[in-house]
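Novice: Structure below; questions to follow.
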Amino acid sequence: MEEVLFATGNRHKLEELGRVLRECGLVPRTVDVAKLEVQSDDIGVVAAYAAVHAYSVLGRPVLVEDAGLFVNALGGFPGPYSSYVYKTIGLNGLLKLLEGVRERTAVFRSALAYAGPWGVVVFKGEVRGRIAEEPRGSAGFGFDPVFIPEGVERTFAEMSTEEKNRISHRARAARKFCDWLRGGRKPL
Ligand code: IMP
């Protein structure tokens with residue numbers, strides 16, 4: 001089985017991505033590399049730079065993810081700044097920004113960048129949904145308790161990893177990555 005290095009310190013991301021990779025016969029292994037964070041509105045660009053940097057440090061092909069929650073009523077905020085916004089104002093801060101707002105649609109986006117001798121390739125996945133009125137559930141991480149995916153009444157934090165992986169932005173990006181590897185790393 002082929003081993004794939006995944007540069008992350010987030011055990012939830014590893015758990016979600018790991019399941020998809022194992023389903024397609026890959027073995028994920030985490031590596032600890034300081035993440036190079038360039039500023040861009042495009043999480044694909046952020047992930048690509050971080051992956052190229054991680055490859056230059058490790059000298060081995062490596063996968064890096066950048067993800068974010070884009071809230072339509074806030075012009076896509078927090079988007080690429082999701083991690084910082086989560087650490088600073090948190091779930092309650094986000095809910096406060098949406099107090100009295102009825103248009104609560106949002107999109108979770110994931111960009112998985114794989115850097116190696118071929119350069120870097122990026123795979124994107126997204127899931128549409130809406131922001132709940134209050135946090136619900138205790139599974140998962142980050143904004144999971146306030147995100148209700150389309151067609152479901154529960155938040156991501158009220159789902160098992162298996163359920164979340166059926167529809168999540170991360171799992172969708174990961175499946176594209178698997179297809180690319182299986183197809184013999186053909187240029188995109
Ligand atoms: P980064 O990809 O590590 O820069 O983190 C993006 C931030 O977006 C995380 O810290 C979370 O707050 C949030 N985020 C990204 N993906 C998810 C998810 O699947 N569930 C909940 N929050 C997420």
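Novice: Name the pairs whose Cβ atoms lie under 6 Å apart, with the first residue in the stretch 46-57 and modelled with pLDDT under 95, the second surrounded by 24 or more Cβ atoms within 10 Å (Cβ to Cβ), and 6 or more positions between them or separate chains?
Specialist: none
Novice: Also: Pick out, from the stretch 1-85, the strands (runs of 3 or more DSSP E) lying fully within it that include 1 or more residues that are in contact with a Pro (Cβ under 6 Å, 6 or more places away or on another chain) and either of a type in the set (Gly, Ala, Ser) or buried (at least 19 other Cβ atoms within 10 Å of the Cβ) (or both). Don't jump to the end; show me each part of the working.
Specialist: On the way: elements: 2-7, 26-31, 62-71.
Per the criteria, 2-7, 62-71.
Novice: Kindly check whether there is at least one residue in the stretch 173-186 that is surrounded by 19 or more Cβ atoms within 10 Å (Cβ to Cβ) and within 15 Å of the ligand (Cβ to nearest atom).
Specialist: The answer is yes; a qualifying residue exists.
Novice: Could you identify the single residue in Glu15, Glu2 that is modelled with pLDDT of 95 or more, within 22 Å of Asp179 (Cα to Cα), in contact with a helix residue (DSSP H, G or I) (Cβ under 9 Å, 6 or more places away or on another chain) and not hydrophobic (A, V, I, L, M, F, W, C)? Step through it out loud before you land on a result.
Specialist: Numbers: Glu2 fails: modelled with pLDDT of 95 or more.
Just a single option satisfies the conditions, and that option is Glu15.
Novice: Hey, another quick one. Going through the stretch 86-108 one residue at a time, which ones are open to solvent by 80 Å² or more (accessible area, probe 1.4 Å) and either basic (Lys, Arg) or modelled with pLDDT under 95 (or both)?
Specialist: Of everything in the stretch 86-108, those that are open to solvent by 80 Å² or more (accessible area, probe 1.4 Å) and either basic (Lys, Arg) or modelled with pLDDT under 95 (or both) turn out to be Lys87, Lys96, Arg102.
Novice: Inspect the stretch 65-73 for any residue being among the β-branched types (Val, Ile, Thr) and over 19 Å from Val122 (Cβ atoms) and give the result as yes or no. Walk me through how you get there before you give the answer.
Specialist: Pass one, the stretch 65-73, residues among the β-branched types (Val, Ile, Thr): 71.
Among the residues that remain, those that are also over 19 Å from Val122 (Cβ atoms) are: 71.
So far as the stretch 65-73 goes, yes, one or more of its residues are among the β-branched types (Val, Ile, Thr) and over 19 Å from Val122 (Cβ atoms).
Novice: Kindly provide the set of residues from the stretch 109-143 that are within 16 Å of the ligand (Cβ to nearest atom), open to solvent by 20 Å² or more (accessible area, probe 1.4 Å) and part of a strand (DSSP E or B), ordered by number.
Specialist: Arg109, Val122, Lys124, Glu126, Arg128, Arg130
Rundown of residues vs (1) more than 13 Å from the ligand (Cβ to nearest atom); (2) over 20 Å from Ala132 (Cα atoms); (3) within 13 Å of the chain's Cα centre (by Cα), yes/no style:
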{"site": "Thr8", "(1), (2), (3)": "no, yes, yes"}
{"site": "Arg11", "(1), (2), (3)": "no, yes, yes"}
{"site": "Glu37", "(1), (2), (3)": "no, yes, no"}
{"site": "Asp41", "(1), (2), (3)": "yes, yes, no"}
{"site": "Leu74", "(1), (2), (3)": "yes, no, no"}
{"site": "Val85", "(1), (2), (3)": "no, no, no"}
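Novice: Next question. Scan the stretch 146-166 for residues that are within 12 Å of the ligand (Cβ to nearest atom), surrounded by 19 or more Cβ atoms within 10 Å (Cβ to Cβ) and over 14 Å from Arg104 (Cβ atoms) and jot them down.
Specialist: Selection gives Phe156, Ala157, Met159, Lys164, Asn165.
The values are calculated or read from the model by the stated rules, or taken from the named source; none is laboratory data. Since the structure is predicted, the reported quantities are computational estimates derived from the model, not experimental observations. Cβ sites come from the backbone with ideal geometry, for glycine too, and all protein chains shown count toward neighbours. Heads up: the accessible areas ignore ligands, DNA and RNA and are worked out on the full protein's heavy atoms, side chains in. Shrake-Rupley method; radii C 1.70, N 1.55, O 1.52, S 1.80 Å.
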